[in-house]
Structure formats: structure tokens, C-alpha cells
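Participant: Starting off with a structure, shown below.
The values are calculated or read from the model by the stated rules, or taken from the named source; none is laboratory data. Just so it is clear, the model here is predicted, and its values are computed rather than measured. Please note: Cβ atoms are built from the backbone with ideal geometry, for glycine as well, and neighbour counts cover all protein chains shown.
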């Protein structure tokens, strides 16, 4: 008897909650979905992005919202796994009925979710997925960052022309679209600029023992090692490289996947003197950047990394597009996003080109005792893709 | 040549970790005929206990004494965990069919992995594993030795040295003590051992405690060397250690050590000279080959089925 009444109670609760859900659809808020890696191997990426998106929409809502309505963000954690990203996107679209999606940081996860957004005619704005294939999925997929060919080329140019290196080894994550993209374009550009790749080794995301690869790299005697991976592996690789006797005069170089407060925590001193390309530098004196850095620090008690800056820009550009579209209709928002021109974001002036990618400069940062110090800027016109 | 020797050292230090875990598989299989799938996860828990203990010691200079304390702490904690698993999960179904036991083991493994990933930082800051990887602080002082171009780090030497020491101790325990003798009797014939007045429950419990303690030592050693640990690290290390145990002849203690070394070295050589993508393929390829050519393993004996 008691069991039966429990079952009835459960059924009633389900009906009630379903009713609540249906009611939510008719209210006046604009529903935006966000899927990000709040946990897992790239947890800080998702957390930074999430913090910045929250901050951006708090600002938008405080200023009266968009089209006179408030923006409400629905968040799903994908645990840094591509299959979870696809599930999260499906859930946000079908259950939460969002009008647009923000995400993901990692290209492999954006690639998993993008086809779902495309099929449902829901615009998706990736804050920081740099693999070219992401926006090639379809005309509903946008990004506010530069792409791998540019980023790989930037570091090749810096290594060959500024640091005057001739011999570089590569250690690539073969299971990661982002890493392979950077590696390909670094190699092409570096060779064209007269350099040699002396050794190419690989690992898979999640590996933790790199002694074998680093031993091979060491025997090739390179002047630098290009490691276009994510911070968890990069920090571990740096430590093991120094342990195996690769001297600190041989810097590791990488891309924006390094940008995490945890990188230094993991790698420590082994990372001193290493370089990576990134989307923005907190040292930039521009008032837009300084205001963003100050607000973010006040709110979250930490320095915003590039992923936060890009998350903020993605959120703002989406809000701007909905405003210009005058509607939350998928096709109209898409057209407005595609027409974005010279939007003044934290990471520079952003224009969306015909491939739905952002065109803007990159900076090179140097790791010095836990700080990421500005080293150089490379403009889009300096790099051949 | 220097590169090859360096790879050999890398391989041996990875192999000793596999060997330490493989010992637990092989011992439990020896007495219970059970593949304890939760063993890899006990190793993971060992690494985490080591991590939290070393955080408690943080601020002190890295020294061998603190490293030893951390390792002993993790071993004791995991021995207790092993006892609990045996008492709560395996003993109630010991008389059931072997398949029941095996599925229980898989259940225990999944349970530990998922509990370890629970994210309840809000309620219990610092003491719950959570899904993010953690990084060991340096425990023991770091030295480097260069022997004809080969870099030997104190971490690698510690891993190899400690593993061998533990294996020798285990060998001594099994061959020379009364409990060890009882263990061997159990693995020979459980029912007959019972009739001879051996307390089988007690011996099985000791076996679990010992195997789990060795896995914990492996966890702390890997933390010192790698130094990344995460809640799912036990899966792949556990699987490879299992392959090592089968390769050496499951139920055979020196076989597990040999198997671990072989798997570790071949894995490092494959990554170094072929490609990292074949890393796991090789370990399992070897397993298939051994099962085809010598199903009892390299050092295993053929057991006649008694009907």
C-alpha cells in the first residue's frame, strides 16, 4: 500500500514538473544554452568561459536585456568528453528550447555538437574552438576566435624569425583535432621559412607518461619543442622533459590550449622561458580590456584567461546579433551573426568573414615564474595560410 | 645506443608499476580463481590517499622519510579497503558460481570509479577526489645521475628499487612464513586446506589486504614519477597489469613480475620507435599471442582439470 502511494506521488511530481517546464516556454525571457567542460581534463577552460558568459549576461540584463527581455542561460556540463557534448546540445535544444547555443572551447567537442545545432537550425557560437572544420559544419555555426592555420603559422613565424630557430621537434596529441591542426600548419610554415622538423612524436589526450617520446626527441637534439596540446598534458610533459635532461634553454612552444592558471601549478619551474600563442594579453592597456579584467577580478577573484575573454565576446556578440535581428528566430539570428562587423570585443575588433570565422591578431606570451608576459603581436596579414 | 638504454630504463620503471599491480591480480586469482576487476581501482585509491597524505606533509622539505610515511599510509589505507571489499562484496557470493563473482568484481570496480568522480567540493572541500586530475607535489628529494649519457632520475630509481624490494619481501612472505604456506595450500586446493584446519576466510582476507597494499604502493610510486593522477587512471593500468599477470602465468608470482616488465618495456619501445597510437595495441596483441601459443602463460604450469 505504501509502495503504491509512493508511486502515485512520484507520478504526480513528474506531471507537475513537466507542467512547470511547459509554462517556462511562454515566459518572456530569451533562453540561451551553454555547454562547457565544467569538469574533466580541461575543466578550467569550461569554468573560465562559464564565468565570463555569466558576467556578460548579468551586464546585458542589468542594462535592460535584449529586445526588452532578459537573457537566461541554461548550462550543461560535458565533462570534457565529445559524446557528452552531443548529449548536452540535444538536451538544451529539445528540453530547454534554447534559441542559440554558446560552446565549446575544445574543437573536438564543438564538432560533436555542431551537426545537432545545424540540423535544428539553432545558431551556435563557439568562443574558442580553433579547428577550421568546426564552422564548415554548416551555416549556423560561428566562432569569435582565429583558426588553427593562423595560430600554427603565428608560432612558426615567431620561432623562425624572432627566435631564429632552425631545428624544432614536435610532440602532438593525435587524438585531438585542435592539436593536429596546429601541428600541420606549424610544420608547413616553419619549413617554408627555412626550418627543419627534426623529430615528430605523438601522444593521446589522457596519457600521463611521456618518457618514451621525450627520450626520442632528446636524441634528435632540437632547439625547441612545439607541443600544441592542452595544459594538463603540457605541464606534465614539461616536467618530464626537464627530468630527462632536456635543458631549460630548449623552450616548449604551444597554442592557446596552454592558457590556464593550472598550467604553472602542474609544470612549475620546468615551464620557465616557454612561449605560447594566445588571443589576448591582460597587459593590453586598452580601456575595454582593462575594464573587463577589473570587473572579472572583482567578481571571481582571479585573472581572466583568454578563454574567459572569448567567452565574454561570444556572449556579447550573440546578444548583439539577437538585438539586430529583432527576433529570436534561428535564421534571422544567423543572418545577423554573419553580418557582424568591427565589433569591439575584449580580444580585439571582431569581424565575421564569409567562412563564419573571426579575423583578428594573435599575441605571443612568455611564461615567466607563473606569469604570462607579453612577447609579441602577429597580425593576420603576416601569416600565409 | 644511449637512447635505447634510456628507453630501457623508462620501460623498466613503467614495468615495475605494472608488476606491482599484477601481483595483486595473480595472488587473488591463485587463492580464489577470481579476476578481481576492482584491483585497478584500489591502485587509483592508493594514489589518491598518497596525494592527500603528501598534501598534509606539504611545506616540509621533501625527504625520503616523508615519502616513506606517505607510502606506508597509502598501503595501510588500501589494505583496509581491500579487506572491506572482500568482506562486503566477495565473501557473500563466494559460494555462488564463478560468473557471479566476476560480475560482482566488475560492479565493485564501477562503483569505486564513479564514487571517486563525484563532485561534492561544495560540502567537503579538499577531501573528495572529484573528476579533475590532481598533481602530486614532490615527495622525495630529486637527484639526477648521468651514466654514459643515460639520465637516471631518483624517481625512476626509487620506483624500480622499491618495487623490487616489495616483490622480494612478498616472495619471502609466501615461501617462508606460515601464513604464506597456508596461502599456497589454498591455491592448491581450497577445500582440502579447510579440512587441514586452515582458516580460509582469514587467509583470503590476508591475500586481499596484501595485494591491495602492493597496488597502493604502485599508486604512490606512479604519483611520484608521472605526477598526474585521476579517478579513471586505474582502468588502463589495471588492464595492462592484468595482461601482465596472464602473460606471466596467472596465479604465478614471479610470472607476474616478468610479465609486468615485458609489457612495460615493450610499450615504451613501441612508443619510442614506432608510434604512440600502437601503445595499447601492442600490450593486447601480446596477450592474444600468448593465449594462442601458451595459454598457461610464460611461467605458468598446465593444470589438469579434475572432474
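Participant: Taking segment B:138-153, which residues are within 10 Å of another protein chain (Cβ to nearest Cβ) and within 22 Å of residue B:49 (Cα to Cα)?
Facilitator: Listed by number, the residues that qualify are B:138, B:142.
Participant: Related question: Being part of a strand (DSSP E or B) and under 18 Å from residue A:134 (Cβ atoms) is the filter here, so list the residues in segment A:153-192 that pass it.
Facilitator: Hit for segment A:153-192 is A:173, nothing else.
Participant: So, in segment A:192-212, exactly how many residues are at the interface with chain B (Cβ under 9 Å from one of its Cβ atoms), in contact with a helix residue (DSSP H, G or I) (Cβ under 6 Å, 6 or more places away or on another chain) and under 25 Å from residue A:153 (Cα atoms)?
Facilitator: Residues meeting the conditions: 3.
Participant: Considering only segment B:238-257, I want to know if a residue exists there that is more than 15 Å from residue B:44 (Cβ to Cβ) and within 14 Å of chain A (Cβ to nearest Cβ). Write out each step before concluding.
Facilitator: Looking only at segment B:238-257, we keep the residues that are more than 15 Å from residue B:44 (Cβ to Cβ), and these are B:243-257.
Keeping just the survivors that are within 14 Å of chain A (Cβ to nearest Cβ) gives none.
No, segment B:238-257 contains no residue that is more than 15 Å from residue B:44 (Cβ to Cβ) and within 14 Å of chain A (Cβ to nearest Cβ).
Participant: Related question: For segment A:219-237, enumerate the residues that are over 24 Å from residue A:129 (Cβ atoms), in contact with a helix residue (DSSP H, G or I) (Cβ under 8 Å, 6 or more places away or on another chain) and either within 11 Å of another protein chain (Cβ to nearest Cβ) or modelled with pLDDT under 95 (or both).
Facilitator: Matches in segment A:219-237: A:219 only.
Participant: Which one of these does residue B:47 not meet: (1) at pLDDT 90 or above; (2) more than 13 Å from chain A (Cβ to nearest Cβ)?
Facilitator: (2)
Participant: Residue A:176: modelled with pLDDT under 90, over 25 Å from residue A:317 (Cα atoms) and out of contact with any strand residue (DSSP E or B) (no Cβ under 9 Å at 6 or more places or on another chain), yes or no? Explain how you work it out, then say what you get.
Facilitator: Numbers: modelled with pLDDT under 90: yes; over 25 Å from residue A:317 (Cα atoms): yes; out of contact with any strand residue (DSSP E or B) (no Cβ under 9 Å at 6 or more places or on another chain): yes.
Here the answer is yes, as residue A:176 does meet what is asked.
Participant: In segment B:258-272, how many residues are surrounded by 24 or more Cβ atoms within 10 Å (Cβ to Cβ), more than 12 Å from the chain's Cα centre (by Cα) and away from chain A (no Cβ under 14 Å)?
Facilitator: The number of residues fulfilling the criteria is 1.
Matching residues to (1) over 19 Å from residue B:154 (Cβ atoms); (2) touching a residue at least 40 places away in the same chain (Cβ under 8 Å); (3) buried (at least 24 other Cβ atoms within 10 Å of the Cβ):
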| position | (1), (2), (3) |
| --- | --- |
| B:1 | yes, no, no |
| B:5 | no, yes, no |
| B:15 | no, yes, yes |
| B:25 | yes, yes, yes |
| B:30 | yes, yes, no |
| B:43 | yes, yes, yes |
| B:49 | yes, yes, no |
| B:53 | yes, no, no |
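Participant: Let me ask something else about it. I need a count of the residues in segment A:245-276 that are more than 19 Å from residue A:41 (Cβ to Cβ), within 11 Å of chain B (Cβ to nearest Cβ) and crowded, with 21+ Cβ neighbours inside 10 Å.
Facilitator: Count: 1.
Participant: Here's a check for you: in segment A:188-200, which residue that is within 17 Å of residue A:225 (Cβ to Cβ) and touching a residue at least 24 places away in the same chain (Cβ under 8 Å) is surrounded by the fewest Cβ atoms within 10 Å (Cβ to Cβ)?
Facilitator: Among them, the one singled out is A:196.
Participant: Name the pairs whose Cβ atoms lie under 6 Å apart, with the first residue in segment A:241-262 and more than 20 Å from residue A:198 (Cβ to Cβ), the second at pLDDT below 90 and in a strand (DSSP E or B), and 6 or more positions between them or separate chains?
Facilitator: Filtered contacts from segment A:241-262: A:243/B:153.
Participant: Only one residue in A:146, A:150 is away from chain B (no Cβ under 14 Å), modelled with pLDDT under 90, under 28 Å from residue B:275 (Cα atoms) and surrounded by 18 or more Cβ atoms within 10 Å (Cβ to Cβ), so which one is that?
Facilitator: A:150
Participant: Out of segment A:281-300, which residues are within 21 Å of the chain's Cα centre (by Cα) and in a loop (DSSP other than H, G, I, E, B)?
Facilitator: A:281, A:282, A:283, A:284
Participant: Just for segment A:333-353: of the residues that are assigned to a helix (DSSP H, G or I) and in contact (Cβ under 8 Å) with a residue 24 or more places away in the chain, which one is farthest from residue A:102 (Cα to Cα)? Break it down into steps so the answer makes sense when it comes.
Facilitator: Of the residues in segment A:333-353, the ones assigned to a helix (DSSP H, G or I) are A:333-338.
Now drop any that are not in contact (Cβ under 8 Å) with a residue 24 or more places away in the chain, which leaves A:333-334, A:337-338.
On the way: A:333: 13, A:334: 13, A:337: 13, A:338: 15 Å.
So the residue we want is A:338.
Participant: Hey, can you tell me all the residues within segment B:278-292 that are modelled with pLDDT of 85 or more and over 18 Å from residue B:256 (Cα atoms)?
Facilitator: Result: B:278, B:281, B:292.
Participant: Same structure again: Could you go through segment B:147-162 and let me know if any residue there is without any contact (Cβ under 8 Å) to a residue 24 or more places away in the chain and over 24 Å from residue B:220 (Cα atoms).
Facilitator: Checking segment B:147-162: at least one residue is without any contact (Cβ under 8 Å) to a residue 24 or more places away in the chain and over 24 Å from residue B:220 (Cα atoms).
Participant: If you don't mind, there's one more thing I want to ask. Just checking: which of the helices (runs of 4 or more DSSP H) contained wholly in segment A:28-139 hold 2 or more residues that are out of contact with any strand residue (DSSP E or B) (no Cβ under 7 Å at 6 or more places or on another chain) and farther than 24 Å from residue A:335 by Cβ?
Facilitator: It comes to A:43-62, A:82-94, A:107-119.
Conditions tested, residue by residue: (1) in contact (Cβ under 8 Å) with a residue 12 or more places away in the chain; (2) part of a helix (DSSP H, G or I); (3) out of contact with any helix residue (DSSP H, G or I) (no Cβ under 7 Å at 6 or more places or on another chain).
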position: B:62; (1), (2), (3): yes, no, yes
position: B:88; (1), (2), (3): no, yes, yes
position: B:106; (1), (2), (3): yes, yes, yes
position: B:110; (1), (2), (3): no, yes, yes
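Participant: Being touching a helix residue (DSSP H, G or I) at 6+ places or on another chain (Cβ under 8 Å) and in a loop (DSSP other than H, G, I, E, B) is the filter here; which residues of segment B:35-60 pass it?
Facilitator: Answer for segment B:35-60, where residues must be touching a helix residue (DSSP H, G or I) at 6+ places or on another chain (Cβ under 8 Å) and in a loop (DSSP other than H, G, I, E, B): B:35, B:36, B:37, B:38, B:57.
Participant: Continuing with the same structure: What residue, among those in segment B:115-137 that are over 30 Å from residue B:6 (Cβ atoms), more than 9 Å from chain A (Cβ to nearest Cβ) and crowded, with 18+ Cβ neighbours inside 10 Å, is modelled with the lowest pLDDT?
Facilitator: B:129
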